[in-house]
Amino acid sequence: MWQAEVRIDLDAIRDNVALMRAGTSAEVMAVVKGDGYGHGMLPSARAALAGGATWLGVATLDEGLALRRAGLDVPVLAWLHSPGLALHEGVAAGLDLSASSVQLVEELVTAARRAERTARVHLKLDTGLARAGATPAEWPAVLEAAAKAQADGDIEVVGVWSHFVYADVLGHETTDRQLAAFADGLAVAERFGISPRYRHIANSAATLTRPDAHYDLVRPGIAVYGLSPIEGETFGLRPAMTARARVAQTKRVPAGQGVSYGHTYFTERETTLALVPLGYADGVPRAASNAGPVQLAGKRRTIAGRVCMDQIVLDVGDDQVSAGDVATLFGPSDQGPTADDWAEVVGTINYEIVTRFGSPRVPRIYDGTAGVTS
Ligand SMILES: *Cc1c(COP(=O)(O)O)cnc(C)c1O
């Protein structure tokens, strides 16, 4: 018997990837960073591969190493490295590693020599996000260092890549400017003798809406999990995560009863309160106090009072609700509120809602067979 659970539909992950795969001639890198956006990195990765992804993408070296330890031997790109990491372990594991600076290219040369293996490198150009990546001013120096290291046999430049600012806003001029800057960066790379097999810039939004940005490889993350990067459009994606819990207790209370810490909610009349055992330690944002939607006994309710660490309370009026009934916080739209509904009331994005539901306290239950080997 479960008290609270996060259910993950692996077949939905597979189908979401297959849908994007069918929409492009590029290869698909399923992004599984952040513990698969809260869905579990390894099962999500396997389901995505079953859907036709040929690459996996992660932020950190450790995430990449964890994929290898689990026996996943497909190409994996890990892209966010502070100086001084054990990059040789990544090289030895055959991970593709991103470099945005001369310093990192040099570290990768050292790592390659230590691992006695050519390092597979993706050079990152900052085309406007001003996050990771070499600025256009720094780009030639990075290319020069990389070209030399490649000639020496220490590295192989497998990719040149960048990341969008505004792909989730259809037709935003920044996207066009970034595509032009990316094309310029690729042309400069050519002049240094670098013509990578993989040029890539498209996240989920660009994968779904900008075929002209697909190049050789697309890098969808959120869409893999069935959530849309673009408000009001679903693209036929199926949300993979459902968060729910069984009511722990119900009680009748009189009118005027204050509910939960600080009594920020008062009952209007005699009513039934239902206690749902999920709280902010489990991923429910505290900002959803008096706002978060929950489906219970066939109706959509709103959290009454503050979200606590372990629990929330619903005011269900005179509806028939008993301890043990299932309350659904979010999931596919036919089952109640969605992660998008939660994002809206909390003032965040669906990405953060699902990624927060990765607490070890709530068991993740996997449905479906995609990527499951017996
Ligand atoms: C997270 C991330 C992605 C995936 O972005 P989505 O918007 O989830 O598709 C792709 N590339 C990079 C560099 C990222 O950090």
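Remarks
- Reachable lysines, given that their alpha-carbon falls under 23 Å from the alpha-carbon of Lys33 and they are not under 8 places away in the same chain: Lys124
- Note on the chain: GNM, Cα springs under 10 Å; of Met241, Met29, Met309, the largest mean-square fluctuation is that of Met309.
- Here the Karplus curve 6.51 cos²θ - 1.76 cosθ + 1.60, taken at θ = phi - 60°, turns the phi angles of region 49-60 into couplings of 5, 5, x, x, 5, 10, 10, 10, x, 9, 7, 9 Hz, with x standing for Gly and Pro.
- Most fluctuating residue given options Asn350, Asn203, Asn16, as computed from a GNM of the chain linking Cα atoms under 10 Å: Asn350
- In nm, spacing of pseudo-spin labels at Val188 and Ser25 (7 Å Cα→C-beta vector): 2.9 nm
- Radius ratio Rg over Rh of the chain, counting only Cα atoms, Kirkwood formula for Rh: 1.06
- Top positive-direction residue, dipole computed over the chain with Cβ charges, set Gly221, Gly52, Gly371: Gly371
- Angle in degrees between helix 102-115 and the longest Cα principal axis of the chain, rounded to the nearest 10: 80 degrees
- Label-to-label distance for Asp176 and Ala255 is 6.1 nm, based on points extended 7 Å past Cα in the beta-carbon direction.
- Label point 7 Å beyond Cα of Arg113 along Cβ direction - residues of region 153-167 with amide nitrogen under 20 Å: 153-157
- Given +1 at the Cβ of Lys and Arg, -1 at the Cβ of Asp and Glu and no other charges, the dipole of region 241-367 around its Cα centre is 320 debye to the nearest 20.
- Each residue of region 168-178 was assigned a 3J(HN,Hα) from its phi angle through the Karplus curve 6.51 cos²θ - 1.76 cosθ + 1.60 (θ = phi - 60°); the sequence is 7, 10, 4, x, 5, 5, 4, 5, 5, 4, 5 Hz, with glycine and proline shown as x.
- Modelled label reach - Ala281, point 7 Å along Cα→Cβ, region 296-335 residues with backbone N closer than 13 Å: 308-312
- Model label zone, Thr264; criterion: amide N under 14 Å from point 7 Å along Cα-to-beta-carbon; scope region 270-291: 280, 284-291
- When peptides 332-345, 256-269 are ranked by their average number of other Cβ atoms within 10 Å per residue, the highest-first order is 332-345, 256-269.
- With the Kirkwood sum run over all distinct C-alpha pairs, region 241-367 has a hydrodynamic radius of 14.5 Å.
- Partners of Lys148 within straight-line reach, counting aspartates and glutamates whose Cα lies under 17 Å from its Cα and excluding those fewer than 8 residues away in the same chain: Glu106, Glu107, Glu138, Glu156, Glu190.
- Cβ-derived FRET efficiency at R0 22 Å, Arg197 paired with Glu138, nearest 0.05: 0.45
- Helix axis angle, 10-22 relative to the chain longest principal axis, alpha carbon, degrees: 40 degrees
Coordinate-derived values only; no laboratory data. As the structure is a prediction and not an experimental result, all values here were calculated from the model. Positions of Cβ are generated from backbone atoms using ideal geometry, with glycine treated the same way; all protein chains shown enter the neighbour counts.
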